[in-house]
Amino acid sequence: MSFQQDQLTVIFQSLVKTRVVITRVAIRFLKNQKDEKSIAAINALLAAASTTLGTAEKQFSRYQSSPRLEGQSDAIAKKVESDYRQLHDIFEMSIQYLQRGDYEAYGNLDAQLAQDYLEQSYNAWREQNNILVSAGQRENLASFVSMQWTIGSIALALILVVVSAWGVLQRILFQPLSRVIHHIRAISGGDLTQTIEAESKNEIGQLASRLKEMQSSLITTVSDVRSSSDSIYTGASEISVGRVESTDVV
């Protein structure tokens, strides 16, 4: 769209320059400047007008070769082309008439009206493009806002996943591991009375199960040691009583 507008801007400027040069030639005709120097100057000006008119034609060809964008009106584009062609042909005929010295034929051409028509159609084309640009900007803004919402939703989802994963790790790994460590410290302190739960089948559950087995073995060992101690104490007591009785008999 900007390429098309740049081309039409250059075209309009070239046509305005062409008209200014042609007007300068017409003024010299009005002054009846027919000396050799004036004629040479007129010819140079007409050559310059032909050059700027050729520039406008080249730029218009480039404008026509550019693809029409979605939303651009065919009617407006055809009106621009028609009004450009009309003004271009008038300037071309003006140059030809002035080269022949036919000022009357040149005067019968209405370049101002053709220029007004082209300006109106060009303004309509620009207004259409401004509407399309505004619509495009609104669409881009909507896409940007939508993208922000999408990114925010993804970020929120990631946060929820992280929080959920952390909760799962706490429940499956950290809390059971903390309980196992607590039981290990209790056992190392001589407390064999705490109940060790080993419900899960993962590594932490297996560790708790082995710790429970160790606790049971320790309880059994301590019980055996205590029973042995009691037996030794009982035996020692009986031996002591027997000695006392033997002493009394003697």
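The values are calculated or read from the model by the stated rules, or taken from the named source; none is laboratory data. Predicted model, so just to flag it, every value in this text is computed and none were measured. Every residue, glycine among them, receives a Cβ derived from its backbone with ideal geometry; neighbour counts consider all protein chains shown.
Being in contact with a Lys or Arg (Cβ under 7 Å, 6 or more places away or on another chain), of a type outside the set (Asp, Glu), in the same structural domain as Trp125 (by TED's automatic domain parsing) and on the phi < 0 side of the Ramachandran plot holds for only one residue in Ile42, Ile22, and it is Ile42. Going through (1) more than 30 Å from Gly205 (Cα to Cα); (2) surrounded by 11 or more Cβ atoms within 10 Å (Cβ to Cβ); (3) out of contact with any Lys or Arg (no Cβ under 6 Å at 6 or more places or on another chain) one by one, Gln148 falls short only on (2). When Gln128, Gln175, Gln170 are screened for being in the same structural domain as Gly71 (by TED's automatic domain parsing) and assigned to a helix (DSSP H, G or I), only Gln128 passes.
The rows are residues; the columns are (1) modelled with pLDDT under 90; (2) in the same structural domain as Leu109 (by TED's automatic domain parsing); (3) polar (S, T, N, Q); (4) within 41 Å of the chain's Cα centre (by Cα).
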| site | (1), (2), (3), (4) |
| --- | --- |
| Asp35 | yes, yes, no, no |
| Ala47 | no, yes, no, no |
| Thr51 | no, yes, yes, no |
| Lys79 | no, yes, no, yes |
| His88 | no, yes, no, no |
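Those helices (runs of 4 or more DSSP H) of region 1-120 in which 1 or more residues are β-branched (Val, Ile, Thr) and either in contact with a Phe, Trp or Tyr (Cβ under 7 Å, 6 or more places away or on another chain) or buried (at least 17 other Cβ atoms within 10 Å of the Cβ) (or both) occupy 2-30, 36-65, 74-100.
Among residues that are assigned by TED's automatic domain parsing to the domain that holds Val222, under 20 Å from Ser223 (Cα atoms) and surrounded by 13 or more Cβ atoms within 10 Å (Cβ to Cβ), Ile204 is not included.
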